[in-house]
Amino acid sequence: MTKDQSKNSAMSFAEMLEQSDRTVTQGQLITGRIIEIRKKEGKVIVDIGFKSEGEISLNEFEEIDGSTRNKVGDEIEVFVEELQGRDDMVRLSKEKADKMKVWDEISSALDKESEIEGIVKQKVKGGLSVLIRGGVKAFLPGSQVDLRPVQNLDQFVGKTYKFKIIKFNKKRGNIVLSRRAILEKERDEQKANTLSILKEGEVVEGTVKNVTDYGAFIDLGGVDGLLHITDMSWGRVTNPKEVLRVNDKIQVKVLKYDPDNEKVSLGIKQITEDPWISAQERYKPGTVVRGKVVSLKDYGAFVELEEGIEGLIHVSEMSWTKHIKHPSQMLEKGDIVEAAVLDIDTENARISLGMKQLEPNPYDVLREKYPTGCRVQGKVRNIADFGIFIEIEEGIDGLVHISDLSWTQKVRHPSELYNKGDEVEVVVLNIDIEQEKPKISLGIKQLVPDPWSRIPSQYGVGTVVKGKILKVLDFGAFIELEEGVDGLVHISEISDDHIEDPKTVLNPGDEVDVAVIGLDSEERRISLSIKAARRAESLASLQGGASGPKSTLGDVFGAKLQESLKKTDE
């Protein structure tokens, strides 16, 4: 601006003041001229033709885009807030003057419910400060920022949006905006459009609105649809948050649509073909496959062969010889494994896999290595009610059934004779490899001939023999007559005196004379008596000292035994 132009401008302003013969009052809207801009103090000094100059905060000159276009010499409209302010200067407001100037425009926008554009300047208590037309400041409450409550309002600062004026007070210069009203209107329009074209079977684009443990809600455009976890993938999805994130754009297929209740069921996996339809061709029994362990259960491991197809390796199919109680003994989640396809059931979406089938079956050579009748040394690995398991080589066990432990002894439980870890010799009775789980039958009693083929003649009733006490129990004692042959002396056959506890009169390892008082070949039981043997011995001594024909020990004992048994019956 030249000196002449500045002079003419100044004269024009002076002439205007003279012509107006103005008086300045508080609350008045008046024209002034910028005479100084004090950036350090953040003030703009304005001449309003009053005895004192006026001051305005420099912030009030900031435009909607953040710039300041006014300069010294510019004429502006100002609002008189206070005639006697600081430093005897009049307090003015450009912002309020702008508000009053655009009030008609704002009032019209409110009446017509039209939109107004603004830029979010800063976060303030309870919401956001927004600059609208003419640099007028308005307030955007936090509840009106978005369709849903917003935790972080800082993300909106510096961005331009369209708003709806929902409240204003001309006297106070307050303007309240709503962005939510604009969004609701857009949503309703989108919803109406979406509902008009929504059909089952259609593939549409949506935005992930929320992710839960059971699925995700997808915004299709004003209409929310539920994408259940089971419809996200043909494969295994344990947590939807591992697959989807809020605001993701995805393609979904409309599975079900209920227009009356506006309920929509969606799917992602249905966009592609079910892999099980052609699985029979790719996974024929005998095929060697490779996959990732995705889950471990007590009964086996699930292996993902491809997206949507998993196979199960049962614990029984993991090793030929190892005793697998839990798949974690062999595998960990995430392991890459090879296995053979054993069976496939496409109707029920099941594939059975095996790991051991990729290795030679050690049971195939067992019959040659352990022919029937051969003797093997082994270790007692486990004891069950029905027998003992003997490990004949690493990982290979055979079973000695309880009935094959002894020819003569009535074994109630195998633990009476053996302990875990005992080294024993066994005879191979049979090897059955035709079954799913090969079985090896072993025997211990078969190590010696069956003594019961001669016992009835060798140990007839009435025979008195020497025996060794093997075990003393509450009800009596087992007496070994020879290796592998023993009989029971009941507590009532120990002595003519009353015995409360056999352990007080009998000790394991001691030798005693016993008489055979009972023999059951079918049950393989020998009943013995210590007191009967003593009586026989006493009778034999008496008979030997008397005159006349002498009876044998068997005769004497037989007679007295019959008498004893008769009394017992009575």
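Coordinate-derived values only; no laboratory data. In this text the structure is predicted, and so the values were computed from the model without any measurement. As a convention, Cβ positions derive from the backbone with ideal geometry for all residues, glycine included, and neighbour counts pool all protein chains shown.
Table for the structure above
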| item | result |
| --- | --- |
| Hz values of 3J(HN,Hα) by residue in segment 417-428 - Karplus curve (6.51, -1.76, 1.60), Gly and Pro given as x | 10, 9, 10, 4, x, 4, 8, 9, 9, 9, 10, 6 |
| Reachable lysines, given that their alpha-carbon falls under 17 Å from the alpha-carbon of K96 and they are not under 8 places away in the same chain | K43, K137, K167, K170, K171 |
| Segment 451-535 shape via C-alpha gyration tensor axes, a/c threshold 1.5 | prolate |
| Value of relative contact order over the chain, rounded to a whole percent, pairs C-alpha under 8 Å and six or more apart | 5 percent |
| Charge dipole (debye, nearest 20) of the chain; +1 at Cβ of Lys and Arg, -1 at Cβ of Asp and Glu | 2280 debye |
| FRET efficiency, 1/(1 + (r/R0)^6) with R0 60 Å, evaluated for S521 and K297 via beta carbons | 0.70 |
| For G127, residues with placed amide H under 5 Å, excluding near neighbours | G142 |
| Distance between segment 84-130 and segment 498-521 - C-alpha centres, whole angstrom | 116 Å |
| Descending semi-axes in Å of segment 56-180, equivalent ellipsoid built from Cα gyration tensor | 27, 16, 14 |
| Distance (nanometres) between label positions extended 7 Å along Cα→Cβ at D422 and K51 | 12.6 nm |
| For Cα Rg over 2.2 N^0.38 Å, calculated from these coordinates, the label among (i) 1.06; (ii) 1.77; (iii) 2.16 | (iii) |
| S415, S453 arranged by Cβ crowding within 10 Å, fewest neighbours leading | S453, S415 |
| Anisotropy class of segment 198-271 from Cα gyration tensor, a/c 1.5 cut | prolate |
| Segment 234-247 - phi-based ³J(HN,Hα) in whole Hz, Karplus 6.51/-1.76/1.60, Gly and Pro as x | 5, x, 7, 10, 8, 9, x, 5, 7, 10, 10, 10, 4, 6 |
| Expected 222 nm ellipticity per residue - DSSP helices of 4 or more, -39500 (n - 2.57), all of the chain, to 500 | -5500 deg cm²/dmol |
| For segment 248-377, the Rg and Dmax computed from alpha carbons only, in angstrom | 21.2, 81 |
| Sparsely packed trypsin sites (Lys or Arg not before Pro) within segment 239-320, loop by DSSP, other Cβ within 10 Å at most 14 | R245 |
| Nonlocal amide H pairs with L528, under 5 Å, H built at 1.01 Å | L488, V489, H490, I517 |
| Under 24 Å from K253, Cα to Cα: lysines that are on another chain or at least 8 residues apart | K191, K199, K209, K241, K263, K269 |
| Amide H contacts of T68 (H built 1.01 Å from N, under 5 Å, at least 5 apart or other chain) | E63 |
| Separation of alpha-carbon centers, segment 189-232 and segment 404-469, rounded to whole Å | 74 Å |
